[in-house]
Amino acid sequence: MTNRVVLAYSGGLDTSVAIPWIAERTGAEVIAVAVDLGQGGEDLDTIRKRALACGAVEAYVADARDEFAEQYCLPALKANALYMDRYPLTSSLSRPLIVEHLVAAARQHGASVVAHGCTGKGNDQVRFEVGIAARAPDLKCVAPIRDLAMTRDKAIDYAEQHELPIETTKANPFSIDQNVWGRSVECGFLEDIWNGPTEDIYAYTADPAVPRPADEVVITFDRGRPAAIDGRPVTMLQAVTELNRRAGAHGLGRVDLVEDRLVGIKSREVYEAPGAITLISAHRELENVTVERDLARFKRTVDQRWAELVYDGLWSSPLKNALDVFVEHTNEHVSGDVRMSLQGGRAVVTGRSSAESLYDFSLATYDSGDMFDQSLARGFIELWGLRTKLAAKRDQRNG
Ligand code: ARG
């Protein structure tokens, strides 16, 4: 039987050229795999037909939007996942799910090799290949751009010579990766980190500087999961989609970041993730209300480590699996409503309400109705400060 290669296919120039390129260089049959993660744009059937027209023997297409929202975005929300405190991992989260579908297609079509269109400089090659190693250690990986000398110029020439049905003229200077959790834009003039992003690079967000009336939204959480918006029940996918639209209209969720890549270089990327940033802000505030202090403090460390592991391509790894259990457990009481005002690029929390609340009005109030026994504070402070006092006295003795 001829060797078969399963290729992660986007429908764009590089991965379209990769189909005949791989076939020519390796003698294998290529199966194209396209995964819908809510990135919008062309429909899957158009993409499927293009793959076949470029010479794929099979084209596997999957609508994985709900799966992505439920199994990847939701755990990220529960972990308030922000790499370097700002990047909501939009691209990082998608790779392990694409890997799942690549492996499924490889099994279904009897392929022994998996291919992706990443360069040798980025994080995504690591996420794909470590992901494959974790799920299907028997499969081999090949990256035509990195391993089979396929450059972008050569790809354009090749497509023209072979009359492949792809647009090669409109040279977009940016590298863009998008899905329902957000959008990543790099390259072009953004590589000069002094250059400010121009309005035209954004697609999910409107200009936050334009004055508009605020949009008030109430998000209901059930154990960390967004369960309703303004009282209407929603799935995770619906919650993200609706908030992308509503928060995006107020220019919310733009991030311009020079980040530390796994391969050691620093790179500049511009992100927009209106739904993700709004949900994380709301979720964090509900944690402030419902999670006990020490648990909340420790969770911040866990959240950060969780984000780093996912960024670093370790979605499937022993540490990440263990942290998942912790994150799930800490979300047990994160239920209730958060009211937010969306305006001018910001989501400002204006109210919270929860049956699981640890906020006790009668303890917090300074008005009549105060139940807090202030006489206890004196002794508490005496003991709390005792060791500090002893150390200070010694310092005094020693001059
Ligand atoms: N820097 C981000 C990450 O490593 C996004 C990578 C993909 N970006 C792109 N514009 N193609 O997760």
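Details
- Of all residues in the range 150-195, those that are assigned to a loop (DSSP other than H, G, I, E, B), of a type outside the set (Phe, Trp, Tyr) and in contact with a strand residue (DSSP E or B) (Cβ under 8 Å, 6 or more places away or on another chain) total 2.
- Top-ranked residue in the range 121-143 [being out of contact with any Pro (no Cβ under 9 Å at 6 or more places or on another chain), part of a helix (DSSP H, G or I) and away from the ligand (no atom under 16 Å from the Cβ); ranked as farthest from VAL33 (Cα to Cα)]: ALA133
- In the range 1-39, the residues that are among the β-branched types (Val, Ile, Thr), part of a helix (DSSP H, G or I) and more than 23 Å from the chain's Cα centre (by Cα): VAL17, ILE19, ILE22, THR26
- Looking across the range 48-74, the residues that are in contact with a helix residue (DSSP H, G or I) (Cβ under 8 Å, 6 or more places away or on another chain) and either within 16 Å of the ligand (Cβ to nearest atom) or among the basic types (Lys, Arg) (or both) come down to ARG50, ARG65, PHE68, TYR72, CYS73.
- Residue in the range 99-106 that is more than 30 Å from LEU257 (Cβ to Cβ) and within 22 Å of the chain's Cα centre (by Cα) present: yes
- Within the range 230-255, the set of residues being out of contact with any Pro (no Cβ under 6 Å at 6 or more places or on another chain) and within 18 Å of ARG346 (Cα to Cα) comprises VAL240, THR241, GLU242, LEU243, ARG245, ARG246, ALA249, HIS250, ARG254, VAL255.
- Among the residues of the range 306-321, some residue qualifies, meaning at least one is in a helix (DSSP H, G or I) and free of Cβ contacts under 8 Å to residues at least 12 places away in the same chain.
Residue-by-condition table, conditions (1) surrounded by fewer than 19 Cβ atoms within 10 Å (Cβ to Cβ); (2) basic (Lys, Arg); (3) modelled with pLDDT under 95:
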| residue | (1), (2), (3) |
| --- | --- |
| ARG4 | yes, yes, no |
| TYR9 | no, no, no |
| VAL57 | yes, no, no |
| GLN71 | yes, no, no |
| PRO75 | no, no, no |
| ASN80 | no, no, no |
| THR90 | no, no, no |
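- Among the conditions (1) within 16 Å of the ligand (Cβ to nearest atom); (2) touching a Leu at 6+ places or on another chain (Cβ under 9 Å); (3) under 30 Å from ALA347 (Cα atoms), the only one that TYR202 does not satisfy is (2).
- For GLU287: the one exception among (1) in contact (Cβ under 8 Å) with a residue 12 or more places away in the chain; (2) more than 20 Å from ARG352 (Cα to Cα): (2)
- Residues that are more than 16 Å from the ligand (Cβ to nearest atom) and under 24 Å from ASN244 (Cβ atoms) within the range 183-197 comprise just one, GLY196.
- Checking LEU262 against (1) in a strand (DSSP E or B); (2) within 16 Å of the ligand (Cβ to nearest atom); (3) of a type outside the set (Val, Ile, Thr), the condition it does not meet: (1)
- Test: residue in the range 109-120 that is over 15 Å from TYR271 (Cα atoms), within 14 Å of the ligand (Cβ to nearest atom) and among the polar types (S, T, N, Q): yes
- Out of GLY231, GLY224, GLY188, one residue alone is touching a residue at least 24 places away in the same chain (Cβ under 8 Å) and not polar (S, T, N, Q). It is GLY224.
- Scanning the range 152-173 finds no residues that are more than 25 Å from GLN39 (Cβ to Cβ) and of a type in the set (A, V, I, L, M).
- Scanning the range 8-39 for residues that are under 19 Å from ILE166 (Cα atoms) and small (Gly, Ala, Ser) returns ALA8, SER10, GLY11, GLY12, SER16, ALA18, ALA23, ALA32, ALA34.
- In the set ARG297, ARG352, ARG284, only one residue is surrounded by fewer than 22 Cβ atoms within 10 Å (Cβ to Cβ), over 30 Å from VAL210 (Cβ atoms) and basic (Lys, Arg); that residue is ARG297.
- Scanning the range 51-58 for residues that are more than 19 Å from ALA104 (Cα to Cα) and under 29 Å from the mean Cα position of the chain (by Cα) turns up nothing.
- Restricting attention to the range 249-267, the residues that are of a type in the set (Lys, Arg) and surrounded by 18 or more Cβ atoms within 10 Å (Cβ to Cβ) total 1.
The values are calculated or read from the model by the stated rules, or taken from the named source; none is laboratory data. Just so we're clear, the structure is a prediction, and the values are computed from it rather than from any experiment. Because the Cβ atoms are built from the backbone with ideal geometry, glycine has one as well, and the counts that use them run over all protein chains shown.
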